[in-house]
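Engineer: Quick one: the structure is below, questions incoming.
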């Protein structure tokens with residue numbers, strides 16, 4: 001998918017003015033001397049963005065963030081015809097879930113397509129399940145996707161490097177991980193989020 005197609009479909013004009021979430025990472029990289037046991041990803045706890053979305057699952061059911069309370073949500077924006085970044089990121093997310101063992105059942109990976117004209121529900125489901133049977137694809141109208149991208153400060157295009165958003169079991173955006181984060185790093189951060197969610 002190229003930028004011209006996105007413009008034609010009406011997604012890009014709304015998203016174009018939104019700064020890349022990657023820029024957030026660049027401005028808020030964690031200090032190299034982060035204490036042992038801290039998060040690997042950028043901690044954005046308390047952010048007034050990334051609060052919710054209203055889309056449809058690849059199973060046709062309406063979905064919002066509240067549907068996944070009690071789980072750590074790993075949210076990622078992309079498209080099924082992406083030749084590089086998307087499949088690599090989803091593969092690492094799948095590996096992270098497997099590294100978590102039993103705790104992997106407490107993680108929900110959500111893949112939001114920014115190309116709904118091509119990524120029909122069945123194709124979207126087939127794509128995300130190829131990385132892990134529990135992964136869920138999300139889609140919507142151009143306007144719905146644009147609103148979700150706006151809420152998470154995402155800009156999508158032909159050459160994108162969109163991070164992974166990690167949302168804690170209480171439904172709060174907590175971490176922003178680089179798109180090239182390794183499975184071990186993601187699993188480490190998810191474990192910390194799950195541990196923090198346990199009652200004292």
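Engineer: On the given criteria, is residue 52 surrounded by fewer than 23 Cβ atoms within 10 Å (Cβ to Cβ), under 24 Å from residue 191 (Cβ atoms), in contact with a helix residue (DSSP H, G or I) (Cβ under 7 Å, 6 or more places away or on another chain) and in contact (Cβ under 8 Å) with a residue 12 or more places away in the chain?
Structural biologist: When the stated conditions are applied, residue 52 does not pass them.
Engineer: Right, here's the next one. What's the number of the only condition in (1) modelled with pLDDT of 95 or more; (2) touching a helix residue (DSSP H, G or I) at 6+ places or on another chain (Cβ under 8 Å); (3) assigned to a loop (DSSP other than H, G, I, E, B) that residue 156 fails to meet?
Structural biologist: (1)
Engineer: Considering only segment 103-156, state which residues are out of contact with any strand residue (DSSP E or B) (no Cβ under 8 Å at 6 or more places or on another chain), in contact (Cβ under 8 Å) with a residue 60 or more places away in the chain and farther than 25 Å from residue 183 by Cα.
Structural biologist: Listed by number, the residues that qualify are 115, 117, 118, 122, 142, 143, 146, 150, 151.
Engineer: Assess whether residue 46 counts as being exposed (fewer than 14 other Cβ atoms within 10 Å of the Cβ) and either at pLDDT below 95 or within 22 Å of residue 174 (Cα to Cα) (or both).
Structural biologist: yes
Engineer: Of 98, 117, 126, which residue is touching a helix residue (DSSP H, G or I) at 6+ places or on another chain (Cβ under 9 Å) and part of a helix (DSSP H, G or I)?
Structural biologist: None of the others qualify; the one that does is 98.
Engineer: Kindly establish whether residue 124 is at pLDDT 95 or above and either buried (at least 24 other Cβ atoms within 10 Å of the Cβ) or farther than 15 Å from residue 113 by Cα (or both).
Structural biologist: Considered against the rule, which asks whether it is at pLDDT 95 or above and either buried (at least 24 other Cβ atoms within 10 Å of the Cβ) or farther than 15 Å from residue 113 by Cα (or both), residue 124 comes out as yes.
The values are calculated or read from the model by the stated rules, or taken from the named source; none is laboratory data. Treat the numbers as computed from the prediction; the structure is a model and nothing was measured. Here the Cβ is made from the backbone with ideal geometry for all residues, glycine too, and neighbour counts use every protein chain on show.
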